[in-house]
Amino acid sequence: GAVVSQHPSRVICKSGTSVKIECRSLDFQATTMFWYRQFPKQSLMLMATSNEGSKATYEQGVEKDKFLINHASLTLSTLTVTSAHPEDSSFYICSARAIQGNEKLFFGSGTQLSVL
Amino acid sequence: GESVGLHLPTLSVQEGDNSIINCAYSNSASDYFIWYKQESGKGPQFIIDIRSNMDKRQGQRVTVLLNKTVKHLSLQIAATQPGDSAVYFCAGMEYGNKLVFGAGTILRVKS
């Protein structure tokens, strides 16, 4: 099946710094990528949807200036957590969809962010 | 959108027994549903899917049942094995739209 690579798998940063997470589709072109956040023992919550070459669509309650999403190419989307705080510590997961309107999503392996 | 809950419930089963994991969804416009398995520290892993024009679909050791009348999904795992221990999520999607996850259930398999 299609592979989505997410990097880094784990990151620890100091409060106030910014962290960038990359999501790459390795063997297909992703017209749409989704970013999720998951707190311990909870479900995955959709943060935003990004389409290649256009601005991301954020879910209600997600600060677009804090969680910057860039989808500059058909194989790469990045999520930057700006001025991270301890409450931003979470497991971030991306997923990618290959063909517009196709339901099949492929998930990355996730990034555990810990903000000290 | 889909209902997303907190504080995952736990289902404990004996190895070899069958497991049934349930999920309720709220968006009647959802027409495609997926069950995922998530192990600790990893991303969701696809198990089985079903479209809204079906009420049952079978895979290898797994069966998904869909009851649109009461907006309910279930995942049945036959002959549960220790390797099945994980968190299981249902997710629903409107055509071509975003995928929204349900509450999730922790499955613990006792040997």
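The values are calculated or read from the model by the stated rules, or taken from the named source; none is laboratory data. Not measured: the values here are computed from a predicted model. Every residue, glycine as well, gets a Cβ built from its backbone with ideal geometry; the counts of neighbours run over all protein chains shown. Side chains included, ligands, DNA and RNA excluded: accessible areas come from the protein's heavy atoms. Shrake-Rupley method; radii C 1.70, N 1.55, O 1.52, S 1.80 Å.
Exactly one residue among B:92, B:43, B:102 is at the interface with chain A (Cβ under 8 Å from one of its Cβ atoms), surrounded by 20 or more Cβ atoms within 10 Å (Cβ to Cβ) and either in contact with a Leu (Cβ under 8 Å, 6 or more places away or on another chain) or within 18 Å of residue B:9 (Cβ to Cβ) (or both), and that residue is B:102.
Of the residues making up the stretch B:56-111, those that are of a type in the set (Lys, Arg) and assigned to a strand (DSSP E or B) are B:56, B:57, B:108, B:110. Is it the case, given these coordinates, that residue A:15 is modelled with pLDDT of 95 or more, more than 11 Å from chain B (Cβ to nearest Cβ), open to solvent by 40 Å² or more (accessible area, probe 1.4 Å) and in contact with a Pro (Cβ under 8 Å, 6 or more places away or on another chain)? Answer is yes for this residue.
Residues are listed down the side, and each one gets a yes or a no for (1) within 14 Å of chain B (Cβ to nearest Cβ); (2) under 10 Å from the mean Cα position of the chain (by Cα); (3) open to solvent by less than 40 Å² (accessible area, probe 1.4 Å):
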| position | (1), (2), (3) |
| --- | --- |
| A:38 | yes, no, yes |
| A:45 | yes, no, no |
| A:61 | yes, no, no |
| A:78 | no, yes, yes |
| A:93 | yes, yes, yes |
| A:105 | yes, no, yes |
| A:109 | yes, no, no |
| A:115 | no, no, yes |
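Cβ-Cβ contacts under 9 Å between residues 6 or more apart (or on different chains), taken from a first residue in the stretch B:98-111 that is touching a residue at least 12 places away in the same chain (Cβ under 8 Å) and farther than 14 Å from residue B:44 by Cβ to a second residue that is open to solvent by 30 Å² or more (accessible area, probe 1.4 Å) and among the aromatic types (Phe, Trp, Tyr), are absent. One residue alone among B:75, B:65 is surrounded by 19 or more Cβ atoms within 10 Å (Cβ to Cβ) and away from chain A (no Cβ under 14 Å), and that residue is B:75.
Would you mind stating whether residue B:12 is open to solvent by 30 Å² or more (accessible area, probe 1.4 Å) and outside any strand (DSSP E or B)? Considered against the rule, which asks whether it is open to solvent by 30 Å² or more (accessible area, probe 1.4 Å) and outside any strand (DSSP E or B), residue B:12 comes out as no.
Here's the yes/no breakdown for (1) under 17 Å from residue B:9 (Cβ atoms); (2) without any contact (Cβ under 8 Å) to a residue 60 or more places away in the chain; (3) among the β-branched types (Val, Ile, Thr):
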residue	(1), (2), (3)
B:50	no, yes, yes
B:53	no, yes, no
B:56	no, yes, no
B:64	no, yes, yes
B:72	yes, yes, no
B:85	yes, yes, no
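Give me the residue from the stretch A:98-112 that is more than 16 Å from residue B:40 (Cβ to Cβ) and outside any loop (DSSP other than H, G, I, E, B) and, out of that set, modelled with the lowest pLDDT. It comes out as A:105.
Screening residue B:108 with (1) open to solvent by less than 10 Å² (accessible area, probe 1.4 Å); (2) within 14 Å of chain A (Cβ to nearest Cβ) gives one miss only, at (1). Pairing residues of the stretch B:7-20 that are within 20 Å of residue B:73 (Cα to Cα) with residues that are in a loop (DSSP other than H, G, I, E, B) and of a type in the set (Lys, Arg), at Cβ distances under 8 Å and at least 6 apart in sequence or on separate chains, gives B:7/A:41; B:8/A:41.
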